[in-house]
Amino acid sequence: MHTGIAPLTKLLLPVDGDQNIKRPAILAGRIAALLAGRIELITLLHVMAGRYLSQHMVNIDFRAEQILESDQFRRIRQQYIDEEITPVLNEMEGEILAQESNVPVERLILDGDPVDEILRVAREGDYSSIIMERRGLSPAKELLMGSVTSGILHSNVQATVYVVGTKGVHGPRCPGRRYVVAVDGSSPSIAAVEEAAILAGACITELEEIVVMRVVKPSRLATLLSEGNVKDDVGEKGMEQAVSILKGAGIPAEKIIQKTAYGEPAEVITTEARAKNTDIIFMGRNGRSALKEILMGSVSRGVVYRCHEITIALATAPVED
């Protein structure tokens, strides 16, 4: 039996004062307005990793047994919140409300490690979606320096993670008009299809096309050929199931494009999405650790690194009970 969080019900937006906060806020507001009655809550979360203390370290009395409870610490923290964080949260909430969303917006300000706190809040609060801005780091820099987005993607949190592209959201009402959904027959990829079906099914009039795409790796193709067979039953069943889910959401058959391609999946998916001027790519993710992805490779990781301009939604499979 599969149990888990219903998709697209609670949205968590991590907020970093150093990043562009407009695009994630617009996407969240657009989704909330589109799915009125389904989205229960939008939470803006800022995790203070201690940076606000750096310029005040000389003024802190380290002889105090409980620095975090001292009046001086509380004043420094509150000053930082008032001057640096609250204006950003105000701007972000304003962008959400500007999308004509009536969903309640909550604010959380916490201390700790950003990745740990975001994951904790997402799990304890049963958030269905985490919407994040990419930091624009190169793959090498992300690998060496780490990033919050990378940390979330490499976790096993059940929420779908939206990595907002640099071109942001287009259209007057919908989060997008053109989607690519990558399928491989796995449970995470089917979860991605279900996510896409909810969004696309809510704005069928504006939807132009949704490409359901499976990519056969060269190694897999070689195996099939060696067996005297070019038919990939698992992949084809995954494609059929994806199309059935989309049609079940009310999406007309003529707007569903089925495509099978051959090559390295991350490269092929990125090329297709760019050629179609796609707004959102929906994919499954396995929640592997960063080390395992380096050793084993990851299609979702490859697409995130290659495709900076397009928003990417990475879903994971429901928990098996």
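The values are calculated or read from the model by the stated rules, or taken from the named source; none is laboratory data. For clarity, every value in this text was computed on a predicted model and none was experimentally measured. Here the Cβ positions follow ideal geometry from the backbone for every residue, glycine too, while neighbour counts run over all protein chains shown.
Given the conditions (1) surrounded by fewer than 21 Cβ atoms within 10 Å (Cβ to Cβ); (2) at pLDDT 80 or above, report the number of the one that Ala32 does not fulfil.
So the condition that Ala32 fails would be (1).
For the range 242-256, name all the residues that are surrounded by 14 or more Cβ atoms within 10 Å (Cβ to Cβ) and either under 13 Å from Val183 (Cα atoms) or among the hydroxyl-bearing types (Ser, Thr, Tyr) (or both).
Restricting attention to the range 242-256, the residues satisfying the condition of being surrounded by 14 or more Cβ atoms within 10 Å (Cβ to Cβ) are 242-243, 245-247, 249, 251, 255-256.
Of everything in the range 242-256, those that are surrounded by 14 or more Cβ atoms within 10 Å (Cβ to Cβ) and either under 13 Å from Val183 (Cα atoms) or among the hydroxyl-bearing types (Ser, Thr, Tyr) (or both) turn out to be Ala242, Val243, Ile245, Leu246.
Which residue is nearest to Ala122 (Cα to Cα), if the candidates are limited to the range 1-13 and must be part of a strand (DSSP E or B) and at pLDDT 95 or above?
Leu12
Out of the range 189-205, which residues are closer than 12 Å to Leu34 by Cβ and part of a helix (DSSP H, G or I)?
Across the range 189-205, the qualifying residues are Ile198, Leu199, Ala200, Gly201.
Filter the range 171-202 for residues that are of a type in the set (D, E, K, R) and within 12 Å of Leu8 (Cβ to Cβ); which is surrounded by the fewest Cβ atoms within 10 Å (Cβ to Cβ)?
The extreme case among them is Glu194.
Between Ile39, Ile26, which is of a type in the set (Val, Ile, Thr) and at pLDDT below 95?
Selected residue: Ile26, the only one of Ile39, Ile26 that is of a type in the set (Val, Ile, Thr) and at pLDDT below 95.
Is the range 70-92 home to any residue that is over 15 Å from Leu45 (Cβ atoms) and among the β-branched types (Val, Ile, Thr)?
Yes, that holds for at least one residue.
From the residues in the range 43-98 that are among the polar types (S, T, N, Q) and modelled with pLDDT of 90 or more, which one is surrounded by the fewest Cβ atoms within 10 Å (Cβ to Cβ)?
In this case the residue turns out to be Asn90.
For the range 153-186, how many residues are modelled with pLDDT of 90 or more and part of a helix (DSSP H, G or I)?
Qualifying residue count for the region: 0.
Residue check: is Ala313 crowded, with 21+ Cβ neighbours inside 10 Å, modelled with pLDDT of 90 or more and of a type in the set (Gly, Ala, Ser)? Spell out how you get there, then give the answer.
Numbers: crowded, with 21+ Cβ neighbours inside 10 Å: yes; modelled with pLDDT of 90 or more: yes; of a type in the set (Gly, Ala, Ser): yes.
So Ala313 passes the test.
Determine the pairs where a residue that is free of Cβ contacts under 8 Å to residues at least 12 places away in the same chain, located within the range 94-108, has a partner that is surrounded by fewer than 19 Cβ atoms within 10 Å (Cβ to Cβ) with Cβ atoms under 6 Å apart, the partner being 6 or more residues away or on another chain.
Qualifying pairs under 6 Å: none.
Look through the range 155-170, keep the residues that are under 26 Å from Glu267 (Cβ atoms) and of a type in the set (Gly, Ala, Ser), and return whichever of them is surrounded by the fewest Cβ atoms within 10 Å (Cβ to Cβ).
For the range 155-170, the residue satisfying everything is Gly168.
Please give the number of the condition Ala275 fails out of (1) of a type outside the set (D, E, K, R); (2) at pLDDT 85 or above; (3) in contact with a Phe, Trp or Tyr (Cβ under 9 Å, 6 or more places away or on another chain).
(3)
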